[in-house]
Structures are given as structure tokens and as C-alpha cells.
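Colleague: There's a structure below that I have some questions on.
The values are calculated or read from the model by the stated rules, or taken from the named source; none is laboratory data. Everything numeric in this text was worked out from a predicted model, so none of it was measured. As a convention, Cβ positions derive from the backbone with ideal geometry for all residues, glycine included, and neighbour counts pool all protein chains shown. Only protein heavy atoms, including side chains, enter the accessible area calculation; ligands, DNA and RNA are left aside. Shrake-Rupley method; radii C 1.70, N 1.55, O 1.52, S 1.80 Å.
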Amino acid sequence: MIDKLYFPQKIEKAQRKFWEELKISRTLDNNNNPKFYALSMFPYPSGKLHMGHVRNYTITDVIARFKKMQGYNVLHPMGWDSFGLPAENAAIQKGANPKEWTLNNIAYMKEQLKNLGLMYDWEREVTTCLPDYYKWTQYLFEQFYKKGLAYKSEAAVNWCNKCGTVLANEQVIEGRCWRCDEIVEKKYLSQWFLKITDYAEELLDSIDKLDGWGENVKLMQKNWIGKSKGTIVEFKVKDKSDLSVKVYTTRPDTIYGVTYVVVAPEYKDIEKLTTDENKEAVENYRKNARRLNEIERLSTTREKTGVKLGSFVINPFNGEEIPLYAADYALVEYGTGAVMAVPAHDERDFDFAKKYSLPIKVVIQNRDNPNDCQLEAYTGDGILINSGEFNGLNNNEAKEKITQKAINEGFGEAKIQYRLRDWLISRQRYWGAPIPVIYCEDCGIQLVPEEQLPVLLPEDVDFSVVGRSPITTSKTFIDTTCPKCGKKAKRETDTMDTFMCSSWYYLRYCDPKNDKKPFDKELVDKYMNVDQYVGGIEHAILHLLYSRFVTKALRDMGFLSCDEPFKNLLTQGMVLKDGSKMSKSKGNTVDPDEIFENFGADTARLFILSDSPPQRDFDWSDAGVEGCSKFLNRVWKLYYQNQNRIKLDYKIDFNNLSKDNDKLVRLTNIAIKKITSDIENEFQFNTVISKYREFVNSIYDYLNINDVDDNVLSYALISLLKLMAPVCVHMTDQLYQDLGGNGSIHELEWPKYDDKLTQMNDLTLVVMINGKLRDKIIVSSDANEEELKDKAFESSKIKEFINGKTIVKTIVVPKKLVNIVIK
RNA sequence: GCCCUUGUGGCGGAAUCGGUAGACGCGUUGGACUUAAAAUCCAAUGGGGCUAAUUACCUCGUACCAGUUCAAGUCUGGUCAAGGGCACCA
């Protein structure tokens with residue numbers, strides 16, 4: 001029996017209990033159906049779910065359930081990205097223990113996820129902050145090290161004072177810390193890096209193969225990797241034949257226009273290149289440059305500054321003597337750290353030349369405005385002039401010829417340069433996976449032997465220390481012995497960037513309990529790659545690029561076989577309220593718990609999918625939630641009122657139906673087709689839901705006819721129930737069981753449609769004159785072109801329009817329209 | 001500055017291939033039911049015009065300007081606006 005009223009709070013709990021008993025969400029490794037790996041980006045356990053989580057996980061859950069009904073062996077796991085700074089900050093502010101704080105949050109949020117009705121296989125849960133996970137993060141670090149993909153190096157790194165740690169390049173947004181917005185400083189420190197640059201080329205090239213990724217994300221990754229094709233040219237230093245300055249340029253065609261050369265203030269040979277009388281000025285300039293923070297230094301609006309070094313270099317192409325400058329618009333970490341300046345054809349060089357009254361030499365003819373580069377640089381294409389043997393060439397042609405000459409004469413080479421830098425993974429923080437390294441005075445850097453992993457986080461630490469990592473306060477952690485010589489040695493106190501933990505979690509889900517290795521190759525090869533990944537656009541570079549790198553590196557080490565981790569990527573939009581992002585500081589958040597309590601999870605799921613396509617931002621409205629709740633009541637009523645007519649084993653003779661019954665059969669087939677294709681193409685859940693509503697309206701209309709057929713009605717209602725099952729997971733299962741169904745609706749097969757029944761018998765023919773709609777006629781759907789034409793001309797309205805005019809031609813689009821062109 | 005994306009009613013948004021613009025919903029208005037309210041149900045709802053009024057009909061309309069086409073929200077060229085990414089990367 002179906003209850004008279006829809007009471008979600010009661011049925012949802014009961015249904016979830018039922019599913020747990022049935023174990024419908026388990027993924028068994030011995031299931032040999034085609035697999036489907038559906039994955040949401042796992043959350044940081046900050047305390048409570050927010051609506052962004054609800055949206056993300058609902059989308060993935062609907063996909064997973066849909067695929068399950070289609071017969072796939074679906075892997076849909078969940079876990080916790082649980083290392084990171086907020087836990088440590090809570091420890092400092094509230095005196096909490098980071099581990100306890102984190103695990104409490106996980107327990108609470110796990111309950112919320114369950115309340116949302118998500119079909120996760122909790123047996124596969126991973127928690128990155130627990131030793132049975134981070135042991136393998138450390139193990140993988142060691143594999144990277146052994147492969148030469150992890151190294152320690154002194155470098156200028158990004159330092160956030162507020163977070164008290166270094167940051168990766170990817171974590172610096174417009175010169176500020178991605179987490180706390182503090183202005184990032186440059187510091188010279190010895191730090192651990194992963195050699196992502198070794199994979200720059202493959203990471204770039206294989207972007208084009210990611211057909212299931214949005215163009216915007218691919219473009220962001222391409223720009224971040226930043227490939228440029230250029231030439232290195234060696235300029236000998238005048239009067240110092242053993243010394244030279246190599247510059248990197250993408251414009252070798254302008255080599256004859258070089259009027260000075262700039263080196264970065266941190267350039268390695270800068271002292272040798274400085275003459276005695278300029279020493280003091282150069283030293284001052286360098287000091288000043290060091291004081292500037294990233295934002296000031298990288299600001300394009302700031303006036304360019306520089307200082308003369310005093311020495312000169314020789315342009316190998318024409319023998320000209322060229323003055324050397326140091327200027328902070330040259331970056332030490334890109335290219336060679338030195339730039340040849342061509343003020344006539346580069347805006348930055350132009351600005352600098354104007355300021356220091358350096359010559360501007362035009363070498364590329366600007367057709368629109370010949371030989372004038374006095375007011376601004378000309379950066380376009382043109383014909384070379386003042387360029388010796390290369391005069392008259394088109395500049396693009398000249399690029400190759402000039403590079404070739406430099407190669408032939410031994411003062412240059414072609415060079416591909418990437419903007420991508422190596423991934424800095426050291427963090428001077430406590431709540432992360434310790435880097436499993438020991439420093440021995442005699443033996444140097446030693447890995448912690450594999451059998452001693454994990455290197456556990458110490459508990460005897462003082463979180464109140466300022467300016468250094470709390471780990472350094474542990475009395476038990478640091479002192480150890482060298483695994484090679486046995487003498488006293490010290491442990492590395494830095495932990496790993498949490499992005500290291502999250503760059504391989506999707507592999508662990510394939511074999512989460514393995515205590516011999518991070519995962520079994522066969523199992524990973526069975527489930528990888530992820531068929532559908534869903535998450536926020538904010539990870540377009542960070543997490544997604546790191547994961548791609550880690551997958552490729554592990555492939556090359558023989559751990560797995562796939563080239564790319566995520567086959568299809570859906571980046572869902574933000575959840576807004578009143579037009580702006582939900583945030584505590586704005587006070588416009590909506591608590592998922594309240595929605596579950598007041599309306600039920602099915603309403604929340606329905607609403608969050610209903611108004612916008614998943615890729616777009618979604619504006620939360622209370623009225624919208626109520627609308628969805630009303631709709632579910634309307635659906636419930638449909639089943640309640642007709643429960644005595646509904647048969648699960650309906651039988652229909654499709655060839656022998658009255659007009660109205662035939663119509664409902666066709667409407668059912670149309671609904672199945674439309675909903676199936678809208679989920680499969682781009683996951684357009686908003687149109688899926690509008691189709692639910694349309695179909696429900698049609699069924700209500702049908703119930704007003706005289707010859708309602710119980711079999712036809714059952715066919716429509718049972719189909720609707722299955723179509724709605726992936727979204728309204730609790731309600732549909734309750735109704736299914738109340739109607740006498742066995743087991744769970746989620747284990748049934750997705751409804752099929754008959755293509756012959758996906759159009760109506762009669763259709764509306766549109767008749768146009770000169771492209772303007774003039775009449776609509778009901779015609780039979782099997783009418784041929786001639787018949788359609790005849791019908792169109794029979795219309796009295798059309799006759800009136802044609803009257804007295806000449807018919808130029810008539811266009812007939814079968815099943816759609818007739819357009820008559822008249823003069 | 002460079003690159004990308006998006007511009008459709010009061011609002012969220014629909015509209016395979018170029019083929020009825022505004023599906024579905026929210027909101028609003030009117031009505032039914034009710035002592036009343038809520039809930040529910042029914043109807044109307046892009047602008048303008050014509051008509052005493054209904055049915056109907058005409059006309060404009062998918063940011064703007066041009067073009068291609070029998071036919072343009074959809075294709076081409078240009079302009080503007082909003083959002084996002086990158087940014088002394090030589």
C-alpha cells in the first residue's frame with residue numbers, strides 16, 4: 001500500500017537502511033560487466049558539507065546510478081583529502097588535535113553524504129591522513145626519487161608568511177597565497193621538487209587527445225605549460241673571450257635590431273660582467289630588486305628600471321658592440337636569464353630604451369606605417385631591412401634562416417622552452433605526510449627503507465611555535481640513525497604538499513585495502529581510467545595537472561598501463577545565492593542539513609539539478625526548492641490515486657490501441673528517448689527534469705479520458721518511476737516496493753524505447769510564405785512530400801496570400817514544413 | 001595587453017542538421033474550492049497594434065551592425081558588454 005501523503009523524512013531513512021542490507025552500492029572485483037568508473041573530487045573535511053559539495057556529488061551519483069541501471073559494473077567511491085592547513089590552524093586556535101579534529105569532521109560529513117542518498121561503496125573509502133594511506137604516498141615519493149623524478153635543490157621559492165610555508169607555483173594566484181591571500185615573498189631555500197618539467201612535452205601534446213574535457217580547461221593547461229619555440233644566441237663579451245652571454249629569443253628575425261642586452265638581477269655571471277666603476281650602482285640595484293615582492297616586481301604597469309653594467313657584448317651577426325644592462329624585467333628562471341633587446345619590435349624593450357635613451361633600430365618594415373618605430377614598437381610581421389644578407393625576406397622565413405646560420409656558425413641553437421616549473425612539494429607544516437628522507441653527515445640524503453614506512457607523524461609537538469614547523473619541536477622525531485652507515489642522522493621535518501596525496505587517490509580506490517603495495521596493477525588496469533570525473537573548475541590546473549603527471553610517471557615506472565587518469569571531465573559551476581557565491585562572510589549560505597530535514601534529500605537532489613546545466617553557475621532559490629517539493633508531491637499523488645490500477649506485469653498489444661492509449665504509449669517512448677539521450681549527452685539534467693514534468697503532465701491529461709487502460713497506464717507509470725530513479729532515489733524505490741516490486745528499483749534495467757513509437761501519429765505541418773509562418777495544418781506523419789505540398793496549397797489562408805502573385809518555388813521539409821516563395 | 005567563454009521574456013533557462021523562438025519551471029495576475037487561510041486545481045502571462053469585444057489577425061523581437069540563404073537564436077565578418085584564464089615568459 002502507498003501512504004496517502006509523501007513523507008520523505010520517514011521513507012528516506014528506511015530506504016537507505018534497505019540499500020545497506022542489500023549492499024547495492026558494492027563494487028565487486030569479480031564482476032565482469034563492462035566497468036564504469038564515476039568519480040567526484042573528494043572533499044577536504046572542513047566540518048560540514050556545503051551546497052557546492054551537494055551539487056558535485058549529486059551529479060556524479062545520478063551518472064553512477066544511471067550507468068548501473070544500464071548494466072555497467074560501476075565503481076563509485078568516496079574518500080577524504082584530509083591533510084592540510086585548516087586542521088593545523090584549528091589546532092593552534094582551539095587547542096584541538098589535528099587528527100581528532102579531522103576525524104570528527106569526517107564522521108559528521110560522512111553522515112551527511114549518506115543522508116543525501118549517495119550510492120558510495122564505503123568499503124573503498126580512503127583517508128589520506130591515515131597511516132595506511134600516507135605510507136603509500138611516502139612509498140611513491142621514494143619511487144619518484146629512485147627514478148630521478150624527485151630532487152632537492154636550492155632555489156628561489158614562493159614563501160607565504162602567514163601560512164609559514166613555501167608554496168608551489170600553481171598555488172600563487174596573482175602574487176598572493178591561494179589559501180590566505182597573503183602577498184607571497186621570494187626566498188632562497190633548499191626544497192624538494194618533483195620533475196614535472198620532464199613531462200612538459202607529453203602533458204602538452206596529449207591534451208589534444210582529451211576529447212572528454214572542456215576546451216576551457218584544456219586551454220588553461222596549455223597556457224600554463226606555456227610552450228614557446230625559440231633560439232639561443234651566444235653573445236661574446238668584448239675583451240673577455242672566455243666569457244659570453246647567451247640569450248633566449250622567440251624573435252631571431254630581429255637579431256639585427258638588437259641595441260642592448262639585459263640580464264636578470266640574479267644572473268649568475270653578473271659580477272664578472274660588471275666593471276669596477278659600475279659596481280656600486282649594480283650592487284644597489286640588485287639589493288633593491290630583492291626587496292620587491294612578486295606583485296610589485298611583476299606589475300606590468302610599473303615603470304621599467306635597470307642599471308648599466310659597463311661591459312659590452314658583440315652581436316655575432318654584425319659585429320656590433322652592444323651595452324649590457326641588468327633589469328628586473330628579465331626573469332632569472334626563464335630561458336637563459338638574459339634577453340636581447342630590440343626596442344623597435346618589442347614593447348618592453350621599447351619602454352626601457354625610451355627611458356634610458358638607447359637607440360631604436362628598425363629591422364622589420366611595417367607596411368602601414370613604414371620605418372616609424374619612434375612612438376611605439378612594431379610587433380607585427382613584415383619584410384626585413386637593415387639586416388645584412390637577410391634583407392628582403394619575410395620575417396617568418398627569416399626566423400628559420402637566421403637560426404640555421406647561428407647553428408652552422410656555432411653561436412646558437414634552436415630551443416623549445418616551457419613556462420612550467422618543477423613542482424615544489426616541501427611544506428614547512430605539521431599536518432601532512434612526512435617526506436621519508438634521512439640526512440646523514442657522511443652519506444648525505446638517504447631514503448627511509450621501505451620496510452620502515454610509514455614515517456609516522458609525531459604526536460609530541462608544540463603547535464604554538466612561530467616561524468618554523470611544529471614538527472621541529474618533537475623530541476622523538478628528528479634524531480635517528482643513517483640507514484646506510486648506522487651513525488646518528490636527522491630526519492627531514494618537511495611534509496608533502498597535500499596535492500601529492502590527492503594526485504593518486506583515484507588509483508587507491510581500485511585496491512583500497514592492499515597492505516603490500518599502493519595498489520595492484522591488474523586491478524588498476526581493470527578500473528582505470530576514470531570514465532567520468534566531476535569537480536570544480538578551480539582545479540583546472542593544480543590537481544588535474546599533477547594527477548596527469550603522476551599517472552604518466554607511474555606508467556613509466558610500470559605501476560599501471562593508462563596514459564591519462566581522467567577520460568571525461570565535467571567541471572560543474574558554482575552554487576550562488578542572490579547572484580553571488582555562497583560564503584559565510586556574506587551570510588548567504590544554505591545549510592544542506594536544513595534542506596534534508598525540511599524537504600528531504602530527494603527534493604534537494606532534484607532541485608540542485610533542475611535549473612541550470614551542470615557546467616553553469618546555479619542560483620539557489622528557496623522558491624525553487626518548494627517548487628520541487630510540490631512536484632514530488634504531485635508525482636506521489638499520481639501513484640497513490642492509481643495504485644489499484646497499476647500492475648508491474650502489464651501487457652500491451654501495441655497494434656490494437658485506441659487513439660488516446662496509443663498517444664500515451666508514444667509519449668512514454670518519447671520521454672524515455674529524450675531522457676536517455678539528455679543524460680548521455682553532456683548530462684543535461686535540467687532538461688531531463690523538465691521532461692519528467694512534461695511527462696507527468698501528460699499522464700494527468702491522459703487520466704481525464706474515458707477509456708483509460710490499466711496496462712497502458714502502468715506502462716507509463718512504471719517507466720516514469722525508473723526514469724526518475726537515479727535522481728529521486730528514495731521516493732521511487734519506496735513507490736516501487738509499495739506497488740509490490742521485489743528488491744530495489746536501482747537494480748532494475750533502464751527502460752528501453754522503440755524508435756517506431758517515438759513520434760506522434762499526427763504532426764503539425766508549418767506552412768510558410770517567404771519564410772514567414774502563415775498557417776499550421778495537422779497532417780498524418782506518413783504523408784509524403786507531394787501530399788504535404790497539396791495540403792499546404794489547399795489552405796484557405798495560404799490561397800489568400802498567394803492570390804495574384806507568382807510562385808517562384810516551393811520547399812518541402814519532410815515532417816516539418818512547406819515554404820512557398822512568391823513574388 | 002593577449003587568449004577563451006557567454007549575451008534569448010520579470011527570472012532560471014529550452015530550441016539534433018539553419019526549419020513554428022520562448023519547452024519546462026519560478027514569479028505575477030485572475031478564477032474555482034474554503035467561513036477564512038494554506039494546500040490543490042483551472043486560466044492568462046515577450047513588446048506593440050487592430051477590434052466595442054471574443055475567436056482571429058498584423059507587426060516588431062534572441063546584445064548591436066552588416067552579409068549568406070527560400071529560411072538565421074543557430075552560419076560568416078565587424079562592434080559592444082559581462083565573466084574567466086594568462087600576463088615584463090623575451
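Colleague: Which order do A:MET574, A:MET557, A:MET528 take by accessible area at a 1.4 Å probe, largest first?
Modeller: A:MET574, A:MET557, A:MET528
Colleague: Between the helical axis of A:622-642 and the dominant principal axis of chain A, each derived from Cα atoms, what acute angle in degrees is found, rounded to the nearest 10?
Modeller: Computed tilt is about 30 degrees.
Colleague: What is the percent carbon and sulfur in the accessible area of chain A, measuring with a 1.4 Å probe over the protein chains and ignoring ligands?
Modeller: Details: 17460 of 37420 Å².
Looking at chain A in its full context, I get 47 percent from C and S.
Colleague: May I pose another question? Any chance you could give the angle, 0 to 90 degrees and rounded to 10, that helix A:685-702 forms with the longest Cα principal axis of chain A?
Modeller: 10 degrees
Colleague: Then there is this: Apply 1/(1 + (r/R0)^6) to the Cβ-Cβ distance of A:GLU333 and A:GLU680, taking R0 = 35 Å, and write down the FRET efficiency to the nearest 0.05. Spell out each step's value before the answer.
Modeller: Working: r = 46 Å, r/R0 = 1.32.
The value I calculate is 0.15.
Colleague: Mind giving me the nanometre distance, one decimal, between the label points for A:LYS99 and A:LYS521, set 7 Å out from Cα along Cα→Cβ?
Modeller: Distance between label points: 3.5 nm.
Colleague: How large is the Kirkwood hydrodynamic radius of the stretch A:89-168, counting all unique pairs of alpha carbons, in Å?
Modeller: 16.4 Å
Colleague: I've got another one for you. Label points 7 Å out from Cα along the Cβ direction at A:THR758 and A:ASP617: separation in nm?
Modeller: The answer from the label model is 3.6 nm.
Colleague: Among the listed pairs A:LYS227/A:LYS268; A:LYS776/A:LYS797; A:LYS791/A:LYS823; A:LYS659/A:LYS776; A:LYS147/A:LYS187, which are separated by more than 18 Å between their Cα atoms? Before the final figure, lay out the partial values.
Modeller: Values: A:LYS227/A:LYS268 24 Å; A:LYS776/A:LYS797 10 Å; A:LYS791/A:LYS823 21 Å; A:LYS659/A:LYS776 21 Å; A:LYS147/A:LYS187 28 Å.
Checking Cα-Cα distances, A:LYS227/A:LYS268; A:LYS791/A:LYS823; A:LYS659/A:LYS776; A:LYS147/A:LYS187 exceed 18 Å.
Colleague: Which whole-number percent is the relative contact order of chain A (Cα, under 8 Å, 6+ apart)?
Modeller: 14 percent
Colleague: What's the magnitude of the charge dipole for the stretch A:1-143 around its Cα centre, counting Lys and Arg as +1 and Asp and Glu as -1 at the beta-carbon? Answer in Debye, nearest 20.
Modeller: Rounded to the nearest 20 debye, it is 540 debye.
Colleague: Considering only A:HIS53, A:MET724, A:ILE802, whose Cα is most displaced toward the positive end of the charge dipole of chain A, charges sitting on Cβ of Lys, Arg (+1) and Asp, Glu (-1)?
Modeller: A:ILE802
Colleague: With a sphere of radius 11 Å drawn around the Cβ of A:ASN661, what net charge do the other residues whose Cβ falls strictly inside it have (Lys, Arg +1; Asp, Glu -1)? Can you show the working numbers first?
Modeller: Numbers: positive: A:LYS659, A:LYS663, A:ARG666; negative: A:ASP653, A:ASP660, A:ASP662, A:ASP707, A:ASP709, A:ASP710.
Charge balance near A:ASN661 sits at -3.
Colleague: What is the dipole size for chain A, taken about its Cα centre, with +1 at each Lys and Arg Cβ and -1 at each Asp and Glu Cβ, in debye to the nearest 20?
Modeller: Charge dipole of chain A: 600 debye, to the nearest 20.
Colleague: Right, here's the next one. If you take all C-alpha pairs in the stretch A:543-590, what percent of them are over 13 Å apart?
Modeller: Tail of P(r) above 13 Å: 66 percent of Cα pairs.
Colleague: Given the convex hull of the Cα atoms of the stretch A:326-428, what is a quarter of its surface area in nm²?
Modeller: The number I arrive at for the stretch A:326-428 is 9.4 nm².
Colleague: Another question, then. Using a 1.4 Å probe on the protein heavy atoms only, what accessible surface does A:ARG774 show? Give it in Å² to the nearest 10.
Modeller: Roughly 90 Å² of A:ARG774 is accessible to a 1.4 Å probe.
Colleague: Per 0.36 nm of contour for each residue apart, how much would the distance between A:ASP181 and A:ASN386 grow if the chain were fully extended, relative to their Cα-Cα spacing?
Modeller: Additional length available on full extension: 68.8 nm.
Colleague: Where a ≥ b ≥ c are the square roots of the eigenvalues of the C-alpha gyration tensor, would you call the stretch A:219-293 rounded, which needs a/c under 1.5, or, failing that, prolate if a/b is larger than b/c, or oblate?
Modeller: oblate
Colleague: Using only the Cα atoms of chain A, each taken as one equal point scatterer with no solvent, compute I(q) by the Debye sum, divide by I(0), and report log10 of the ratio at q = 0.05, 0.06, 0.08, 0.09 Å⁻¹.
Modeller: Cα-only, vacuum Debye calculation for chain A: -0.41, -0.57, -0.89, -1.02.
Colleague: If Lys and Arg each add +1 and Asp and Glu each add -1, what is the summed charge of the other residues whose beta carbon sits under 14 Å from the beta carbon of A:ASP622?
Modeller: Here the charged neighbours net out to -4.
Colleague: Then there is this: Could you do me a favour and compute the accessible area per residue for chain A, 1.4 Å probe, result in Å²?
Modeller: Accessible surface, normalised per residue, equals 45 Å².
Colleague: Right, here's the next one. Using R₀ = 56 Å, calculate the FRET efficiency as 1/(1 + (r/R₀)^6) where r is the Cβ-Cβ separation of A:GLU125 and A:LYS772; round to 0.05.
Modeller: Working from the Cβ atoms, E equals 0.35.
Colleague: Give the percent of DSSP beta bridges with both residues in chain A that are antiparallel, rounded to the nearest 5.
Modeller: Within chain A, antiparallel bridges account for around 75 percent of the total.
Colleague: Then there is this: Counting Lys and Arg as +1 and Asp and Glu as -1, what is the net charge of the other residues whose Cβ lies under 9 Å from the Cβ of A:ASN396?
Modeller: Values: positive: A:LYS399; negative: A:ASP253, A:ASP381, A:GLU397, A:GLU400.
Cβ neighbours under 9 Å give a net charge of -3.
Colleague: For the stretch A:428-521, divide the Cα radius of gyration by the Kirkwood radius and give the resulting Rg/Rh value with two decimals.
Modeller: 1.02
Colleague: Between rounded, prolate and oblate, where does the stretch A:632-740 land on the alpha carbon gyration tensor, with a ≥ b ≥ c its root eigenvalues, rounded for a/c under 1.5, else prolate if a/b exceeds b/c?
Modeller: oblate
Colleague: Relative contact order for the stretch A:1-157: what is it in percent, counting Cα pairs under 8 Å that are at least 6 residues apart? Display every interim value, and only then the final one.
Modeller: Values: 149 pairs, mean separation 41.7, N = 157.
With pairs under 8 Å counted, the relative contact order is 27 percent.
Colleague: Here's a follow-up. State the Cα centre-to-centre distance between the stretch A:582-624 and the stretch A:508-540 in whole Å.
Modeller: Comparing the Cα centres of the stretch A:582-624 and the stretch A:508-540, I get a distance of 30 Å.
Colleague: Something else now. How high is the FRET efficiency from A:ASP132 to A:ASN284, r the C-beta distance, R0 56 Å, rounded to 0.05?
Modeller: According to the calculation, E is roughly 0.50.
Colleague: A further question on this structure: Calculate, in nm to one decimal, what A:GLU347 and A:VAL708 gain on full extension: separation in residues at 0.36 nm each, minus their alpha carbon distance.
Modeller: Result for the pair: 122.2 nm of gain on full extension.
Colleague: Determine the gain in length on full extension of the stretch A:ASP269-A:ASP556; use 0.36 nm per residue of separation and subtract their C-alpha separation, reporting nm with one decimal. Mind dumping the intermediate values first?
Modeller: Numbers: separation 287, 0.36 × 287 = 103.32 nm, distance 3.77 nm.
That works out to 99.6 nm of additional length.
Colleague: Right, another one. In the stretch A:309-379, which trypsin sites (Lys or Arg not before Pro) fall in coil by DSSP and have 14 or fewer other Cβ atoms within 10 Å?
Modeller: Values: sites: A:ARG348, A:LYS354, A:LYS355, A:LYS361, A:ARG367; in loops: A:LYS361, A:ARG367.
Sites meeting the loop and neighbour criteria: A:ARG367.
Colleague: Taking the Cα centre of the stretch A:508-559 as origin, sum charge times position over the Cβ atoms of Lys and Arg (+1) and Asp and Glu (-1), and report the length of that vector in debye to the nearest 20. Could the numbers behind the result be given before it?
Modeller: Values: 9 positive and 8 negative charges, 30 e Å.
Approximately 140 debye in magnitude.
Colleague: Once both labels are modelled 7 Å past Cα along the beta-carbon direction, what's the A:GLU538-A:TYR108 spacing in nm?
Modeller: Those two pseudo-labels are separated by 1.9 nm.
Colleague: Among A:ASN704, A:SER502, A:ALA14, which residue has its Cα furthest toward the positive end of the charge dipole of chain A, with +1 on Lys/Arg Cβ and -1 on Asp/Glu Cβ?
Modeller: It is A:ASN704, whose Cα lies furthest towards the positive end.
Colleague: Can you report the principal axis dimensions of the stretch A:522-639 using only the alpha carbons, biggest first, rounded to whole angstrom?
Modeller: Extents along the principal axes: 56, 42, 23 Å.
Colleague: A further question on this structure: Where does each of A:ILE383, A:ILE595 land when they are ordered by accessible area, with a 1.4 Å probe and the largest first?
Modeller: From most exposed to least exposed: A:ILE383, A:ILE595.
Colleague: Mind jotting down the distance between the C-alpha centroids of the stretch A:121-155 and the stretch A:475-491, whole Å?
Modeller: Using only Cα atoms to place each centre, the spacing works out to 21 Å.
Colleague: Among A:HIS76, A:GLY214, A:SER610, which residue has its Cα furthest toward the positive end of the charge dipole of chain A, with +1 on Lys/Arg Cβ and -1 on Asp/Glu Cβ?
Modeller: So the residue we want is A:SER610.
Colleague: Restricting to DSSP H runs of at least four residues, report the calculated mean residue ellipticity at 222 nm for chain A, -39500 (n - 2.57) per run over all residues, nearest 500 deg cm²/dmol.
Modeller: -11000 deg cm²/dmol
Colleague: Separate question: When only alpha-carbon atoms count, how far does the stretch A:33-150 stretch along each of its three principal axes, as whole angstroms with the largest first?
Modeller: Computed over the stretch A:33-150, the largest-to-smallest principal extents equal 48, 41, 22 Å.
Colleague: Between the stretch A:429-459 and the stretch A:709-738, how far is it from one alpha carbon centroid to the other, in angstrom?
Modeller: The stretch A:429-459 and the stretch A:709-738 have Cα centres spaced 57 Å from each other.
Colleague: On a 0 to 90 degree scale, rounded to 10, what angle separates helix A:279-291 from the longest Cα axis of chain A?
Modeller: 20 degrees
Colleague: Now for a different question. Each residue of the stretch A:245-255 in turn: what ³J(HN,Hα) in whole Hz from Karplus with 6.51, -1.76, 1.60 and θ = phi - 60°, glycine and Pro shown as x?
Modeller: So the J values, rounded to whole Hz, are 10, 9, 10, 10, 9, 9, 10, x, 5, 9, 4.
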